[in-house]
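Student: Could you have a look at this structure, given as structure tokens, before my questions?
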Amino acid sequence: MKKILLAATAALALVPMSFGASASEKVEFPKEKWSFSGNFGKFDRMQLQRGLQVYKEVCASCHSLKYVAFRNLEALGYSEDQVKAFAAEYEFPTLDDEGSEIKRKGLPSDHFPSPYPNEKFARASNNGALPPDLSLMTKAREHGPDYVFHLLTGYDEPPQGMTVMDGMHYNKYFADGNFQIAMAKQINDDQVTYADGTKATADQISRDITAFLHWAAEPKLEVRNSTGLRVMIYMVIFTILAYFLKRRIWARLEK
Amino acid sequence: MSTEKSVWRRAFEWHEARLPLVSFIDNSVGSKYPAPKNLNYFWNFGSLAGFMLVTMILTGIFLAMNYTPHKDMAFDSVERIMRDVNFGWLIRYMHANGASFFFIVVYIHIFRGLYYGSYKAPREVLWWMGILIFLAMMATAFMGYVLPWGQMSFWGATVITNLFSALPIIGEPIVTFLWGGFGVDNPTLNRFFSLHYLLPFVIVGLVVFHIWALHIPGSNNPLGIEAAPADKIPFHPYYTAKDAFGLGVFLLVYFAIVFWYPNILGDPLNYVVANPLVTPTHIVPEWYFLPFYAILRAIPDKLLGVLAMFGAILVLFVLPWLDTSRVRSANFRPWFRVFFWLFFINGLVLGWCGSQLPEGLPLVLGRVCTFYYFFFFFVIMPVVGWMETPKPLPASISSPVMKAAE
């Protein structure tokens with residue numbers, strides 16, 4: 001009986017690990033250290049600001065970020081006025097009082113605009129490929145932030161004997177697409193010049209944009225972690241009290 | 001002190017004499033429901049399932065206030081819940097993971113019933129009500145998973161609704177009827193939302209019948225023998241206190257997942273909006289359907305696969321008559337106990353097979369396990385009941401004296 005239970009428990013422990021296996025499982029994704037990993041994880045505000053700069057200067061020319069509003073950027077440590085100024089750099093179509101199409105300046109309530117007017121235009125500009133929206137990217141792929149980071153730095157010469165299709169690029173982490181990705185290598189050393197003076201190595205840039213994208217995908221991560229801690233402390237106390245209450249009540253039966 | 005009743009007490013008694021609401025609850029799950037005194041912690045999972053049902057309904061009602069059942073807006077409205085609705089992230093993560101925990105609790109509840117023979121006379125109808133609840137839960141969970149309108153929502157709905165097309169003649173019309181069109185589209189999403197809101201209240205109704213049927217014979221117990229009145233204790237405060245502790249332990253695990261690993265049980269692809277033009281390479285249902293998905297794919301013929309999948313649940317209805325042993329608790333059935341644990345492990349392996357592509361080892365293993373699944377019910381259950389010599393049963397719960405085996 002004990003042995004069977006033990007075997008069953010062991011089987012139970014093994015099974016979930018293999019759930020959701022997909023093609024990308026064939027590739028090893030080394031686990032990276034992120035400030036936001038773990039139950040006490042927090043975002044590094046300076047890193048998020050650097051990541052925003054990378055998104056704006058590198059990614060935004062092809063990728064939208066439609067679920068993020070400018071007002072959300074206050075969470076990165078910017079003041080209300082800074083956010084207003086940031087939003088005002090963008091233009092949005094609107095109508096004037098006579099019904100003519102005009103442009104207006106962006107407001108904090110606006111979301112990041114898409115670089116393309118529509119999907120057809122986006123595909124035509126990108127050799128037929130559609131650059132995906134990045135708002136949920138770190139949650140929409142196996143291995144999450146590790147996937148995004150390694151994909152950005154995973155460009156390499158194709159292995160011998162492999163022919164990469166025209167307009168495609170070899171990436172050793174893009175297993176779902178047979179290691180051929182439409183996006184060319186985007187991140188190189190000194191691609192951006194950081195406002196805070198951080199040395200902009202390709203590795204650093206990739207980490208910063210990944211952290212920013214994880215904030216974009218899971219903006220409530222910090223409040224979730226900290227609320228979780230308080231809830232767990234409460235539940236531990238509740239459970240201990242409930243245990244002693246149960247013992248005390250059941251002790252009546254022994255009389 | 002005055003012996004006169006307070007005005008509140010008298011008002012309460014006046015009301016109870018006309019509509020005995022409090023007495024009704026007290027009789028159902030309170031101090032007037034006598035339960036065997038030897039129930040172990042596996043008997044906690046019934047009340048935990050009730051707790052999860054209430055949790056799912058409450059979080060669901062608040063989600064529905066902010067959700068838009070339209071194919072162009074559903075995904076966005078879920079993201080709005082996650083980002084802009086106050087504590088929307090918490091409500092959604094509680095609801096999404098709540099489905100998983102509801103199934104964990106109910107699976108343990110079912111396996112407890114299997115192990116301790118809770119389906120045997122005189123509890124057959126109680127068992128039936130439980131299977132109906134399980135079926136309604138599966139339908140509710142399936143339709144709920146479609147609502148966020150992610151890639152897995154869309155393609156899961158496509159695969160599962162298409163199963164009905166395997167039926168001859170009526171298959172295709174049924175699928176068109178389910179879809180409300182010629183493919184999974186906006187009408188499908190609308191009706192799934194409507195039914196996803198309706199079915200939980202059907203489950204509440206079934207739970208009432210489940211508990212009603214429980215009260216006719218009373219709770220089974222780990223020894224599986226009839227509990228004498230002297231061996232019973234009032235449900236309240238004894239089992240309410242025991243269940244409260246169990247609930248605490250359960251919530252520790254549930255909240256750890258909700259707050260710290262909220263996406264660990266979900267498929268990343270469901271964070272990609274549904275696209276009818278892009279089929280995912282590997283369509284998998286949520287983990288709680290995987291064993292049945294494995295049975296479906298283990299059989300090369302589509303119609304037979306579908307029948308086997310539904311049969312895997314429907315066989316539970318006749319279980320009380322397939323099992324020929326009159327001894328309830330597996331503690332006294334040395335052979336059945338072995339086959340039971342094999343069946344349990346078999347279920348886990350089936351789950352693993354369901355998560356893999358149906359080729360190579362997972363397919364072969366899936367077929368072996370599908371065979372054992374039905375072999376367990378149709379052969380082991382009757383044959384072991386006849387062949388096995390059960391251990392001597394105790395004369396009563398409190399008496400260590402053994403009476404001879406039947």
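Student: Among the residues that make up the stretch A:80-91, is at least one of them part of a helix (DSSP H, G or I), in contact with a strand residue (DSSP E or B) (Cβ under 7 Å, 6 or more places away or on another chain) and farther than 17 Å from A:Tyr55 by Cβ? Can you show your working first?
Tutor: First, pick out the residues of the stretch A:80-91 that are part of a helix (DSSP H, G or I): A:80-88.
Within this subset, residues satisfying the condition of being in contact with a strand residue (DSSP E or B) (Cβ under 7 Å, 6 or more places away or on another chain) are A:88.
Adding the requirement that they be farther than 17 Å from A:Tyr55 by Cβ leaves A:88.
Yes, because at least one residue in the stretch A:80-91 is part of a helix (DSSP H, G or I), in contact with a strand residue (DSSP E or B) (Cβ under 7 Å, 6 or more places away or on another chain) and farther than 17 Å from A:Tyr55 by Cβ.
Student: Looking only at the stretch B:243-266, decide whether some residue is within 25 Å of B:Trp128 (Cα to Cα) and either in contact with a Phe, Trp or Tyr (Cβ under 6 Å, 6 or more places away or on another chain) or not assigned by TED's automatic domain parsing to the domain that holds B:Leu350 (or both).
Tutor: Yes: one or more hits.
Student: Here is a list: A:Ala251, A:Ala200, A:Ala242. Which entry is among the small types (Gly, Ala, Ser), away from every other protein chain (no Cβ under 14 Å) and either buried (at least 17 other Cβ atoms within 10 Å of the Cβ) or more than 30 Å from A:Tyr155 (Cα to Cα) (or both)?
Tutor: Answer to the selection: A:Ala200.
Student: In the stretch B:162-196, how many are hydrophobic (A, V, I, L, M, F, W, C), in a helix (DSSP H, G or I), in contact (Cβ under 8 Å) with a residue 40 or more places away in the chain and out of contact with any Phe, Trp or Tyr (no Cβ under 7 Å at 6 or more places or on another chain)?
Tutor: Residues in the stretch B:162-196 being hydrophobic (A, V, I, L, M, F, W, C), in a helix (DSSP H, G or I), in contact (Cβ under 8 Å) with a residue 40 or more places away in the chain and out of contact with any Phe, Trp or Tyr (no Cβ under 7 Å at 6 or more places or on another chain): 6 in total.
Student: Among the residues of the stretch A:90-108, is there at least one that is closer than 30 Å to A:Asp176 by Cα, free of Cβ contacts under 8 Å to residues at least 24 places away in the same chain and either within 14 Å of another protein chain (Cβ to nearest Cβ) or not β-branched (Val, Ile, Thr) (or both)?
Tutor: Scanning the stretch A:90-108 turns up no residue that is closer than 30 Å to A:Asp176 by Cα, free of Cβ contacts under 8 Å to residues at least 24 places away in the same chain and either within 14 Å of another protein chain (Cβ to nearest Cβ) or not β-branched (Val, Ile, Thr) (or both).
Student: Which residue, of B:Val318, B:Val327, is under 29 Å from B:Glu388 (Cα atoms) and either touching an Asp or Glu at 6+ places or on another chain (Cβ under 8 Å) or assigned by TED's automatic domain parsing to the domain that holds B:Met143 (or both)?
Tutor: B:Val327
Condition check ((1) free of Cβ contacts under 8 Å to residues at least 24 places away in the same chain; (2) out of contact with any Pro (no Cβ under 6 Å at 6 or more places or on another chain); (3) more than 9 Å from chain B (Cβ to nearest Cβ)) across all residues:
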residue	(1), (2), (3)
A:Pro145	no, yes, yes
A:Asp156	yes, yes, yes
A:Pro159	yes, yes, yes
A:Ala182	no, yes, yes
A:Pro219	no, yes, no
A:Val231	yes, yes, no
A:Val236	yes, yes, no
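Student: Please give the number of the condition A:Arg141 fails out of (1) part of a loop (DSSP other than H, G, I, E, B); (2) within 14 Å of chain B (Cβ to nearest Cβ); (3) in contact with a Lys or Arg (Cβ under 8 Å, 6 or more places away or on another chain).
Tutor: Checking A:Arg141 against (1) part of a loop (DSSP other than H, G, I, E, B); (2) within 14 Å of chain B (Cβ to nearest Cβ); (3) in contact with a Lys or Arg (Cβ under 8 Å, 6 or more places away or on another chain), the one that fails is (3).
Condition check ((1) under 19 Å from the mean Cα position of the chain (by Cα); (2) assigned to a helix (DSSP H, G or I); (3) within 19 Å of B:Leu135 (Cβ to Cβ); (4) hydrophobic (A, V, I, L, M, F, W, C)) across all residues:
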{"site": "B:Pro285", "(1), (2), (3), (4)": "yes, no, yes, no"}
{"site": "B:Leu290", "(1), (2), (3), (4)": "yes, yes, yes, yes"}
{"site": "B:Val306", "(1), (2), (3), (4)": "no, yes, yes, yes"}
{"site": "B:Gly311", "(1), (2), (3), (4)": "yes, yes, yes, no"}
{"site": "B:Val327", "(1), (2), (3), (4)": "no, no, no, yes"}
{"site": "B:Phe344", "(1), (2), (3), (4)": "yes, yes, no, yes"}
{"site": "B:Leu365", "(1), (2), (3), (4)": "no, yes, no, yes"}
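Student: Can I ask one more? Quick one: B:Ser355 ticks every box in (1) touching a residue at least 40 places away in the same chain (Cβ under 8 Å); (2) over 15 Å from B:Phe289 (Cα atoms); (3) not charged (D, E, K, R) except a single one, so which number is it?
Tutor: The number of the failed condition is (2).
Student: Might you let me know whether the stretch B:211-225 holds any residue that is closer than 30 Å to B:Leu393 by Cβ, β-branched (Val, Ile, Thr) and surrounded by 19 or more Cβ atoms within 10 Å (Cβ to Cβ)? Give the steps one after another, and end with the answer.
Tutor: Here is the first cut: in the stretch B:211-225, the residues closer than 30 Å to B:Leu393 by Cβ are B:211-225.
Those still in the list that are β-branched (Val, Ile, Thr) too: B:211, B:216, B:225.
Restricting the remaining residues to those that are surrounded by 19 or more Cβ atoms within 10 Å (Cβ to Cβ) gives B:225.
Checked the stretch B:211-225: at least one residue is closer than 30 Å to B:Leu393 by Cβ, β-branched (Val, Ile, Thr) and surrounded by 19 or more Cβ atoms within 10 Å (Cβ to Cβ).
Student: Out of curiosity, is B:Leu348 assigned to a loop (DSSP other than H, G, I, E, B), within 10 Å of another protein chain (Cβ to nearest Cβ) and either among the aliphatic types (A, V, I, L, M) or on the phi < 0 side of the Ramachandran plot (or both)?
Tutor: For B:Leu348, the condition - assigned to a loop (DSSP other than H, G, I, E, B), within 10 Å of another protein chain (Cβ to nearest Cβ) and either among the aliphatic types (A, V, I, L, M) or on the phi < 0 side of the Ramachandran plot (or both) - is not met.
Student: Within the stretch A:144-195, how many residues turn out to be of a type in the set (A, V, I, L, M, F, W, C) and in a loop (DSSP other than H, G, I, E, B)?
Tutor: From the stretch A:144-195, those of a type in the set (A, V, I, L, M, F, W, C) are A:148-149, A:151-152, A:162, A:164-165, A:168, A:174-175, A:179, A:181-184, A:187, A:192, A:195; that's our starting set.
Then drop every residue that is not in a loop (DSSP other than H, G, I, E, B), which leaves A:162, A:164-165, A:168, A:174, A:179, A:182-184, A:187, A:192, A:195.
Total meeting the criteria: 12.
Student: Run down B:Ser100, B:Ser28, B:Ser77 and say which single residue is among the hydroxyl-bearing types (Ser, Thr, Tyr), assigned by TED's automatic domain parsing to the domain that holds B:Phe192 and in contact (Cβ under 8 Å) with a residue 60 or more places away in the chain.
Tutor: None of the others qualify; the one that does is B:Ser100.
Student: Here is a list: B:Leu357, B:Leu319, B:Leu361. Which entry is within 14 Å of chain A (Cβ to nearest Cβ) and in a helix (DSSP H, G or I)?
Tutor: B:Leu361
Student: May I pose another question? Take the residues in the stretch B:317-375 that are aliphatic (A, V, I, L, M) and touching a Cys at 6+ places or on another chain (Cβ under 7 Å); name whichever of them is surrounded by the fewest Cβ atoms within 10 Å (Cβ to Cβ).
Tutor: Out of the qualifying residues, it is B:Leu365.
Student: Suppose we filter the stretch B:245-283 for residues that are surrounded by fewer than 21 Cβ atoms within 10 Å (Cβ to Cβ), within 7 Å of chain A (Cβ to nearest Cβ) and outside any helix (DSSP H, G or I); how many remain?
Tutor: 3
Student: Taking A:Ile205, is it among the β-branched types (Val, Ile, Thr), farther than 21 Å from A:Glu142 by Cα, more than 14 Å from chain B (Cβ to nearest Cβ) and touching a residue at least 60 places away in the same chain (Cβ under 8 Å)?
Tutor: yes
Student: Looking at A:Ala10, A:Ala21 in this structure, which one is within 11 Å of chain B (Cβ to nearest Cβ) and either surrounded by 14 or more Cβ atoms within 10 Å (Cβ to Cβ) or at pLDDT 50 or above (or both)?
Tutor: Going through A:Ala10, A:Ala21 in turn, the sole match is A:Ala21.
The values are calculated or read from the model by the stated rules, or taken from the named source; none is laboratory data. Keep in mind that what you see is a predicted model, and the values were worked out from it rather than measured. Cβ: placed from backbone, ideal geometry, glycine included. Neighbour counts: every protein chain shown.
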